[in-house]
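Participant: Please find one structure pasted underneath; my questions will follow.
The values are calculated or read from the model by the stated rules, or taken from the named source; none is laboratory data. Model, not experiment: these values are computed from the prediction. Ideal geometry is used to build each Cβ from the backbone, glycine not excepted, and the neighbour counts take in all protein chains shown.
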């Protein structure tokens, strides 16, 4: 039988005179309603009792009994019994640390959730839900699930919320009651990153220490830390705001705020960094480039911004009329390009930066656009250089080609002469050479076209010629087209 469904149970008694009286009993308890009794006297006084029965899960395994008795004869009761087998969807009950109600649990506490299940047939799937979303074992978060048990090893505020479990068998899926966990925790900053405040010594700021906490009754401690040490600004007050002015240079640094409630003191304080606000430093290392007839570019390195966002300015003045031609602003960086200028004109450039506190001093430069004649000369010079380069390459190629041909001819002639030599000719040649040597002038005599080699001589490379001078000091007296380069170890 299936729990919740309506069934009609029938019990008959026959042969009694007068007709039998019938009644229903469930697990020893008499059923007093929901049935009807009919008697058929023509069919042997047949008594029929029909029971409308809607089983519940708790009826599983209970006996259902029908009893019949002759009202005129005592102790004539007879009965028949049927053991009920009720199938029903899982019935679940969720408890937390033994309680079925929501609990207030302190941070870092151990939490044990138990899902009790009653089902017929047995369940084959159990699922846990946190804030209405399925949840599995998450070891990094300290959540461990084993069938009907969910354990939170160290409760945190992130574990606060609703929990329930569900189970399924072949009848359907059942759901447990919902338990709400409230994790009590120490104060925590709403913002994780330190906040920055840029102020001058005379300014006053209002700093708010925004924290999350449960319970919400929080007191606060404020302190300032810098190179001179730690100063307590406000000691455990209920005020979560602080009015502060640096007054002097020593008033800058990092302000810390701790919160405290009944659970404990805040583990990590909220931080507020105080920076001194100043006017920015001027841009530096400026470079002019891309000078043309009508334009130029200028690029600088930005200076310190004074702890505030800065913008960069370029003012272009005529150097003769001293009137403002251009005024350009750029928040990205000190890089500018100016067009629409007059050719061959000088301009005064003023570059500076500014922030909410004021402007830096200016950097002054002078830029002169090109003259039209300078541009043509540059073009003609480039054409001449290109032509000269091509001619030089052609001369080099012809030179090395000629050397290759001459070398080839010499090699062929030597091979031909070698084949025609004999030992006799070789001997005659030796005698002739010897004779020529004897008749030649003294070996120590020097020809008029031979430059003598001296240990003291120095060799210089001058316009493709080798020039020998007795002393390096004499170089200045020799008319040369350019400065000589000295090669001391050249072998002639």
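Participant: Give the residue, chosen from 22, 32, that is within 15 Å of residue 66 (Cα to Cα) and in contact (Cβ under 8 Å) with a residue 24 or more places away in the chain.
Facilitator: 22
Participant: Specify the residue that is surrounded by the most Cβ atoms within 10 Å (Cβ to Cβ); the eligible residues are those in the range 63-102 that are touching a helix residue (DSSP H, G or I) at 6+ places or on another chain (Cβ under 6 Å) and within 19 Å of residue 24 (Cα to Cα).
Facilitator: Of everything passing the filter in the range 63-102, 86 is surrounded by the most Cβ atoms within 10 Å (Cβ to Cβ).
Participant: What is the residue count in the range 199-218 for residues that are part of a strand (DSSP E or B) and over 15 Å from residue 256 (Cβ atoms)?
Facilitator: Summing the residues that are part of a strand (DSSP E or B) and over 15 Å from residue 256 (Cβ atoms) in the range 199-218 gives 6.
Participant: Looking only at residues in the range 38-62 that are exposed (fewer than 13 other Cβ atoms within 10 Å of the Cβ) and modelled with pLDDT of 90 or more, which one is farthest from residue 119 (Cα to Cα)?
Facilitator: 38
Participant: Residue 162 versus (1) at pLDDT 90 or above; (2) farther than 30 Å from residue 256 by Cα; (3) surrounded by fewer than 13 Cβ atoms within 10 Å (Cβ to Cβ): which is the lone unmet condition?
Facilitator: (3)
Participant: What is the number of the single condition among (1) in the same structural domain as residue 128 (by the TED database); (2) within 34 Å of the chain's Cα centre (by Cα) that residue 190 does not meet?
Facilitator: Residue 190 satisfies every listed condition except (1).
Participant: Here's a follow-up. Looking at 222, 236, which one is in a strand (DSSP E or B), assigned by the TED database to the domain that holds residue 191, touching a residue at least 24 places away in the same chain (Cβ under 8 Å) and surrounded by 14 or more Cβ atoms within 10 Å (Cβ to Cβ)?
Facilitator: On inspection, the qualifying residue turns out to be 222.
Participant: Here's something else I'd like to know. Answer yes or no as to whether residue 287 is part of a strand (DSSP E or B), touching a residue at least 12 places away in the same chain (Cβ under 8 Å), in contact with a strand residue (DSSP E or B) (Cβ under 6 Å, 6 or more places away or on another chain) and farther than 30 Å from residue 221 by Cβ.
Facilitator: yes
Participant: Can you name the condition, by its number, that residue 301 falls short on among (1) out of contact with any helix residue (DSSP H, G or I) (no Cβ under 7 Å at 6 or more places or on another chain); (2) touching a residue at least 40 places away in the same chain (Cβ under 8 Å)?
Facilitator: (2)
Participant: Conditions first: (1) under 24 Å from residue 16 (Cβ atoms); (2) in contact with a strand residue (DSSP E or B) (Cβ under 8 Å, 6 or more places away or on another chain); (3) surrounded by fewer than 18 Cβ atoms within 10 Å (Cβ to Cβ). Residue 35 passes all but one, so which condition is the exception?
Facilitator: Single failed check for residue 35: (3).
Participant: Any residue in the range 198-216 that is crowded, with 18+ Cβ neighbours inside 10 Å, modelled with pLDDT under 90, more than 25 Å from residue 156 (Cβ to Cβ) and touching a strand residue (DSSP E or B) at 6+ places or on another chain (Cβ under 6 Å)?
Facilitator: So far as the range 198-216 goes, yes, one or more of its residues are crowded, with 18+ Cβ neighbours inside 10 Å, modelled with pLDDT under 90, more than 25 Å from residue 156 (Cβ to Cβ) and touching a strand residue (DSSP E or B) at 6+ places or on another chain (Cβ under 6 Å).
Participant: Restricted to the range 11-29, and to residues that are out of contact with any strand residue (DSSP E or B) (no Cβ under 7 Å at 6 or more places or on another chain) and assigned to a loop (DSSP other than H, G, I, E, B), which residue is surrounded by the fewest Cβ atoms within 10 Å (Cβ to Cβ)?
Facilitator: 28
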